[in-house]
Amino acid sequence: MTDFGRVMTAMVTPFNADGGVDYDVAEKLALYLAKHGTDTLVLCGTTGESPTLTWSEEYQLFQVIKKAIAGQAKIVAGTGSNSTREAIEATEKASHLGLDGTLQVVPYYNKPPQEGLYQHFEAIAKACPELSIILYNIPGRTGQNLAPVTISRLAEVPNIVAIKEASGNLDQVSQIRRLTPSNFAIYSGDDSLTLPMLAVGCKGVISVASHLVGEALQQMIQAYESGDVAKAAQIHSQYLDLFKTLFIETNPIPVKAALRLQGWTVGGTRLPLCAIAQESELKLKSTMSDLSLL
C-alpha cells in the first residue's frame with residue numbers, strides 16, 4: 001500500500017502567455033515543492049484546472065513531472081471524470097507511466113446515487129489494480145456527497161487506499177474514521193480544517209497553501225503527532241488568515257496570484273475562471289506580507 005505522506009500538494013498548472021501549458025515552469029515548481037515540505041504532488045486536480053485541460057495536456061504533464069521529480073516526491077494523477085469509461089481510460093494511461101496513485105473525484109453534474117458511486121469507483125479500481133486510488137469527495141463542486149457508509153464499502157477494495165475529504169463536515173470525517181480500517185488514510189481537503197481533522201483521525205492534507213508554506217504544514221502535523229498540540233495550534237493560528245485568503249475567490253485564482261507575487265511565472269487561469277479582483281489581490285498581498293512570504 002502506497003504511503004503518500006502527510007503533505008500532498010494539489011499543484012497548479014502553469015500557463016504561458018499564449019495560454020498553453022508551460023511545462024518548463026511546471027518542472028521547476030514541482031522540484032521546488034518537493035524540496036519544501038511536499039511529500040506527494042497531485043497533478044491535474046481542481047487546483048490544476050483539470051476541467052479546462054485536455055487529456056493530452058494532462059498526460060504530457062504526468063510524463064514531464066515524473067521525469068523531473070525522479071523519486072524526490074510521489075506523484076498522483078487526477079484522472080477522474082463523470083464518465084466511468086473516460087475515467088478508466090485516463091487512469092489506465094496514467095498507470096502505464098508508473099505513477100504512484102490516482103485521485104478520483106466524485107462524478108459531477110450527473111449526481112449518481114450512492115450505489116452508482118460505489119460501482120463507478122469499484123470499476124476504476126478493478127480496471128487498474130496495480131494503482132493506489134484516492135477518493136475525492138467535494139460536494140460543493142460535484143453536487144453529490146459520498147456517504148461514509150459508501151466510503152466504508154469502497155475501503156474494502158484492495159487498491160482504494162485513501163480519501164481526500166473536502167465536505168467541510170467534521171462529523172462526517174469522524175464517521176468515516178469509525179467505519180474504515182486504520183490503514184485507510186483520510187486527508188483533509190481544506191487547509192484550515194487540517195488540525196481539527198487530525199484530532200478525529202486524519203493523516204494529513206491535500207493542500208493549496210503548501211505552495212507557500214509546505215514546511216510549516218509539515219511542522220504542524222509532526223507537532224500534533226508527537227503530542228505537542230500547543231505548537232500545532234500555534235502554527236495553525238499563525239497561518240489561518242492565509243488559508244482563508246487563498247479561497248477569497250474560486251481556487252486556483254488566488255494561489256496563482258500568490259505565486260506570481262512571489263515571482264513565479266505561472267500565468268493566469270483559463271476561462272471561465274478569470275483574473276483575480278484588485279481588492280482580493282490587495283488582501284492577498286497584505287496577508288502574505290504579514291507572514292513574510294513576499
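The values are calculated or read from the model by the stated rules, or taken from the named source; none is laboratory data. Note that this is a predicted model, so its numbers are computed, not measured. Cβ: placed from backbone, ideal geometry, glycine included. Neighbour counts: every protein chain shown. What goes into the accessible areas is simple: the full protein's heavy atoms, side chains included, and nothing from ligands, DNA or RNA. Shrake-Rupley method; radii C 1.70, N 1.55, O 1.52, S 1.80 Å.
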| task | Filter region 155-173 for residues that are crowded, with 21+ Cβ neighbours inside 10 Å and assigned to a helix (DSSP H, G or I) and give the result. | result | Val173
| said: If I filter region 113-124 for residues that are aromatic (Phe, Trp, Tyr) and surrounded by 18 or more Cβ atoms within 10 Å (Cβ to Cβ), do I get at least one hit? | reply: yes
| Which of the residues spanning region 67-93 are part of a helix (DSSP H, G or I) and over 17 Å from the mean Cα position of the chain (by Cα)? | Lys67, Ala68, Ile69, Thr84, Arg85, Glu86, Ala87, Ile88, Glu89, Ala90, Glu92, Lys93
| Options Ile176, Ile186, Ile151; residue that is open to solvent by less than 10 Å² (accessible area, probe 1.4 Å) and in a strand (DSSP E or B) | Ile186
| remark: Subset of region 94-107, residues within 17 Å of the chain's Cα centre (by Cα), part of a loop (DSSP other than H, G, I, E, B) and not acidic (Asp, Glu), comes to Leu99, Val106, Pro107
| request: Could you list all residues from region 189-225 that are within 18 Å of Ser237 (Cβ to Cβ), assigned to a loop (DSSP other than H, G, I, E, B) and among the aliphatic types (A, V, I, L, M)? | output: Ala209
| remark: When every residue in region 199-241 that is of a type in the set (Ser, Thr, Tyr) and open to solvent by 10 Å² or more (accessible area, probe 1.4 Å) is compared, the one farthest from the chain's Cα centre (by Cα) is Ser226
| task | Would you please name the residue that is nearest to the chain's Cα centre (by Cα), looking only at residues in region 242-282 that are assigned to a loop (DSSP other than H, G, I, E, B) and among the aromatic types (Phe, Trp, Tyr)? | result | Phe247
| note | Of the residues in region 9-52, those that are without any contact (Cβ under 8 Å) to a residue 60 or more places away in the chain and either surrounded by fewer than 19 Cβ atoms within 10 Å (Cβ to Cβ) or more than 30 Å from Gln219 (Cα to Cα) (or both) number 11
| How many residues does region 93-112 contain that are open to solvent by 70 Å² or more (accessible area, probe 1.4 Å) and farther than 12 Å from Leu146 by Cα? | 4
| said: Taking the criterion of being within 26 Å of Val208 (Cβ to Cβ) and modelled with pLDDT under 95, would at least one residue in region 112-134 satisfy it? | reply: no
| query | Has region 211-218 got at least one residue that is among the charged types (D, E, K, R), out of contact with any Lys or Arg (no Cβ under 7 Å at 6 or more places or on another chain) and either modelled with pLDDT under 95 or closer than 16 Å to Leu146 by Cβ (or both)? | reply | no
| query | Identify, please: which residue in region 66-77 is buried (at least 20 other Cβ atoms within 10 Å of the Cβ) and in contact (Cβ under 8 Å) with a residue 40 or more places away in the chain and is, among those, nearest to Gly20 (Cα to Cα)? | reply | Val76
| Within region 117-126, can one find any residue that is in a helix (DSSP H, G or I), touching a residue at least 24 places away in the same chain (Cβ under 8 Å) and closer than 18 Å to Ala10 by Cβ? | no
| said: Within region 53-63, take every residue that is open to solvent by less than 30 Å² (accessible area, probe 1.4 Å) and in a helix (DSSP H, G or I) and give me the one that is nearest to Gln222 (Cα to Cα). | reply: Phe62
| Out of all the residues in region 256-279, is one or more surrounded by fewer than 16 Cβ atoms within 10 Å (Cβ to Cβ) and more than 23 Å from Thr13 (Cβ to Cβ)? | yes
